[in-house]
Every structure is written in C-alpha cells, then in structure tokens.
Amino acid sequence: GDGGLHVGSHTALIAIDGVIASDSEASADHVVGALRGAFKDENTVGVILRINSPGGSPVQAGYIYDEIKRLKGLHPDTPVYAVVTDICASGGYYIAAAADKIYADKASLVGSIGVVMNGFGFTDTMKSLGVERRLYTAGEHKGFLDPFSNVKPAEKAHVQGMLNDIHTEFIESVKSGRGERLAENPDLFSGLVWAGSESIELGLADAIGDVRSVAKNEIGEEKIVDFTA
C-alpha cells in the first residue's frame, strides 16, 4: 500500500502470467499499477518483468508497453529487464520488447510476432440439416463476423487489412525496443516462435538467465521485492 514497506535497497519483481486481457491477472490495470508502485519506491534499484504468457489483447499489451517506455523516461537510472520462463509470445513479447534486455531459458518459447482472428463457419452444416439462416441488420456489413453466413470477399479483405495494420504497429514497437539487435530474417515477424537459444541468435532475446541471476549480475541487488498486483 501507499504506507510503504521499508525493506531497503531491492530489485522489484512484477509477474505477468497467463493471457493478457482486461479481465485477467495480467491486465494493463494490474501490471501498470505494479510498475508505478515499483518505480515510485525510492529503494528500487531495477525492475524485472517475469513473463510467462502466450499473449492476448494487443490493446492491453500496448498500454503496458507504453507505460514501461514512459516510466523509463522518467527514471532513466532504473533499468528494466524481462525474464522469460516457459513462454513469451505475441502480446507477451510485445511487452518484453519495451525492456532494456530480455533473458530466457534455453527451452523458453519466444516470439510469435503476429496477429490472429479466428472462428468457425457452419454454412454447409446448416444446409445438410435443413436449417435456414435469417439475419437482419441495419448497416450493410453489420453482420460480417456472423459464423452462420457465407464470407464475402470484400469483408474478408477488410478484416485482413485491419489485422495488417495491427501487425505493423506490433512490428514497429518491437523494432523500437530491440533496434539493431534484431537479425535480418524473413520469418522474424511471421508469427513463428523459437526456443530460447535460437531467439538469442535472432536478436529477440539477449542472453540466458533467470530472475535470480539477472538481479545479481545485471542489477546488482539480490534482494527481491514482489510488486505484482
């Protein structure tokens, strides 16, 4: 709480676990609040984001990415490191890209820089069952995501353009965070993931490490205080 916990100099830890969504433990509200608390504490020497997430909402991940950038600007002497455990993919990697360095285990899964929207179509099933779809809308394309209607080429093109725009924003954020460390590889932004060791070769991560090793060797403060909401 705001009353403070006086434990002296420490490394601040913030865990980002699971799907990143507005109603999850890894929501922007929770993570941003934890970040602000960590940076506000005058005894925080450095911040570690321990990430184990397959991704989620690009909006929520973008909020967290922007807040990390903002806080780093206000506190240039406080480093931020991301430590990957099992997986740091898609929106999870979006967040990690804002850190000064990214550490992973050799078997961690890292990457998935892409955007996806999926669903099912049941039009043929309905025909075989003799079911007729009746959909009434005000607005020509209001029902364009309806799984019981045929896909129209123009609406498919619209969705693809929307995904491409979000993907471009994702790529630019990664490039801004990682800079020249990124390797020239045509698959880098294709949505693929790589094991930790190969992710280092591609510039998606910097080195092998865990929370304890990063706190000791990079930040220089082994005492860890958990600021996770």
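The values are calculated or read from the model by the stated rules, or taken from the named source; none is laboratory data. Keep in mind it's a predicted model, so treat the numbers as computed, not measured. Glycine gets a Cβ as well: all are built from the backbone with ideal geometry, and neighbour counts include every protein chain shown. For the accessible areas, the whole protein counts, side chains as well, though only heavy atoms, and no ligand, DNA or RNA atoms are used. Shrake-Rupley method; radii C 1.70, N 1.55, O 1.52, S 1.80 Å.
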Quiz item: Once the Cβ-Cβ distance between Ala107 and His141 is put in as r, and R0 is 30 Å, what FRET efficiency do you end up with, to the nearest 0.05?
Solution: 0.10
Quiz item: How much accessible surface area, in Å² rounded to 10, belongs to the heavy atoms of Arg134 with a 1.4 Å probe?
Solution: 150
Quiz prompt | Derived scalar couplings ³J(HN,Hα) [the range 13-22; Karplus, 6.51 cos²θ - 1.76 cosθ + 1.60; whole Hz; x for Gly, Pro] | solution = 10, 10, 8, 10, 10, x, 5, 8, 8, 5
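At 1.4 Å probe size, with the rest of the protein present, what percent of the exposed accessible area of the range 99-208 is carbon and sulfur atoms?
On the way: 3960 of 7310 Å².
Answer for the range 99-208: carbon and sulfur cover 54 percent of the accessible area.
Between Val151 and Ser190, what is the FRET efficiency for a Förster distance of 25 Å, r being their Cβ-Cβ separation, to the nearest 0.05? Present the calculation step by step, with values, prior to reporting the outcome.
Details: r = 24 Å, r/R0 = 0.95.
With a Förster radius of 25 Å, E is 0.60.
Report, in listed order, any pair from Lys106/Lys175; Lys40/Lys101; Lys40/Lys106; Lys69/Lys216; Lys72/Lys223; Lys72/Lys156 with a Cα-Cα distance greater than 29 Å. Let's see the in-between values first.
Values: Lys106/Lys175 23 Å; Lys40/Lys101 21 Å; Lys40/Lys106 33 Å; Lys69/Lys216 24 Å; Lys72/Lys223 21 Å; Lys72/Lys156 40 Å.
Listed pairs above 29 Å: Lys40/Lys106; Lys72/Lys156.
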Quiz item: Over the range 46-98, what number does the Rg to Rh ratio reach, with both radii from the alpha-carbon atoms and Rh per Kirkwood?
Solution: 0.98
Self-check item: Ranked by how many other beta carbons lie within 10 Å on average, peptides 125-132, 191-198 from highest
Solution: 191-198, 125-132
Quiz item: For the chain, list the DSSP H helices whose alpha carbon atoms reach 15 Å or more along the long axis and whose average Kyte-Doolittle value is -0.5 or above?
Solution: 28-40, 58-74
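Antiparallel DSSP bridges in the chain: what percent, to the nearest 5? Can you show the working numbers first?
Details: 3 of 29 bridges.
So the antiparallel bridges in the chain amount to around 10 percent.
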Self-check item: Largest-first ordering by accessible area, 1.4 Å probe, given options Tyr94, Tyr136
Solution: Tyr136, Tyr94
Quiz item: When the Cα centres of the range 68-128 and the range 135-195 are compared, how far apart do they sit, in Å?
Solution: 15
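Counting only heavy atoms of the protein chains, get the accessible area per residue of the range 102-220 (1.4 Å probe) and round it to a whole Å² value. Don't jump to the answer; show the numbers that get you there.
On the way: 7870 Å² over 119 residues.
Each residue of the range 102-220 exposes 66 Å² on average to a 1.4 Å probe.
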Practice problem: Give a quick list of GluC sites (Glu not before Pro) in the range 162-195 that DSSP marks as loop, anything other than H, G, I, E or B, with at most 10 other Cβ atoms within 10 Å. | Solution: Glu184
